[in-house]
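The values are calculated or read from the model by the stated rules, or taken from the named source; none is laboratory data. The shown structure was predicted, so the numbers you read here are calculated from the model rather than taken from an experiment. For neighbour counting, all protein chains shown are included, and Cβ atoms are generated from backbone atoms with ideal geometry for every residue, glycine included.
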């Protein structure tokens with residue numbers, strides 16, 4: 001289980017992050033001793049750190065510098081101070097990512113998982129898939145875009161999951177029907193077309209126009 005150290009003095013935000021992380025089987029620990037963040041880091045040995053800028057006693061830049069003296073652990077800054085100067089300073093201090101407050105929890109988890117995969121060759125099932133700013137939650141049947149949840153039927157979800165798992169590749173109609181066949185009753189090509197059209201209408205209404213493209217005579221693609 002991957003471990004996240006949360007260095008955030010707003011306990012409401014910190015607890016919300018911890019709760020969300022645990023839903024995706026990530027262990028999380030909230031720092032309470034802001035005089036000595038390094039002692040928490042040494043004892044907990046996290047795989048990734050979420051770090052606010054404005055903290056009691058010493059700011060996030062200080063702790064980022066201290067951590068970088070001893071470790072290359074991934075660091076994500078989370079802060080409402082998201083002007084260009086702070087973002088540049090955070091990256092120059094050794095941060096790997098900067099997320100501005102307020103942020104969507106799905107986006108945060110997607111960023112965390114992406115950074116874990118890049119750093120540790122993370123091979124577990126991905127909990128969130130992203131394309132064009134749309135985040136597909138694999139734990140339920142929802143697609144999140146611009147902070148809004150787009151509810152999907154089971155078939156629509158399975159179609160989206162198959163297409164986003166194969167992002168940039170054409171997925172044949174046969175493969176999509178096989179994906180649905182394995183989990184539910186057989187559906188013919190007309191039923192698949194109806195499901196694709198309904199899904200496209202939902203995506204268009206949410207502002208995701210041309211999200212699914214047709215490759216005539218072959219299948220569908222998200223690219």
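Residues that are outside any loop (DSSP other than H, G, I, E, B), at pLDDT 90 or above and farther than 20 Å from residue 99 by Cβ within the range 28-66 are absent altogether.
Considering every residue within the range 7-24, establish whether at least one is at positive phi and assigned to a loop (DSSP other than H, G, I, E, B). For the range 7-24, residues at positive phi and assigned to a loop (DSSP other than H, G, I, E, B): absent. Can you say whether residue 52 is in the same structural domain as residue 73 (by TED's automatic domain parsing) and surrounded by fewer than 16 Cβ atoms within 10 Å (Cβ to Cβ), as far as the supplied structure shows? Judged against the criteria, residue 52 is not a match. Of all residues in the range 44-66, those that are free of Cβ contacts under 8 Å to residues at least 12 places away in the same chain have Cβ atoms under 9 Å from Cβ atoms of residues that are assigned to a loop (DSSP other than H, G, I, E, B), 6 or more apart or on another chain, in 59/52; 59/53; 62/55. Is there a residue being surrounded by 15 or more Cβ atoms within 10 Å (Cβ to Cβ), farther than 25 Å from residue 15 by Cα and touching a strand residue (DSSP E or B) at 6+ places or on another chain (Cβ under 7 Å) anywhere in the range 103-115? No, because not a single residue in the range 103-115 is surrounded by 15 or more Cβ atoms within 10 Å (Cβ to Cβ), farther than 25 Å from residue 15 by Cα and touching a strand residue (DSSP E or B) at 6+ places or on another chain (Cβ under 7 Å).
Being surrounded by 17 or more Cβ atoms within 10 Å (Cβ to Cβ), touching a strand residue (DSSP E or B) at 6+ places or on another chain (Cβ under 7 Å) and outside the structural domain of residue 150 (by TED's automatic domain parsing) is a property that residue 87 lacks. Here is the figure for the range 149-164: residues that are touching a strand residue (DSSP E or B) at 6+ places or on another chain (Cβ under 7 Å) and in contact (Cβ under 8 Å) with a residue 12 or more places away in the chain total 7. Based on this model, can you work out whether residue 176 counts as in the same structural domain as residue 135 (by TED's automatic domain parsing), under 24 Å from residue 149 (Cα atoms), within 26 Å of the chain's Cα centre (by Cα) and modelled with pLDDT of 90 or more? No; evaluated as a whole, the condition is false for this residue.
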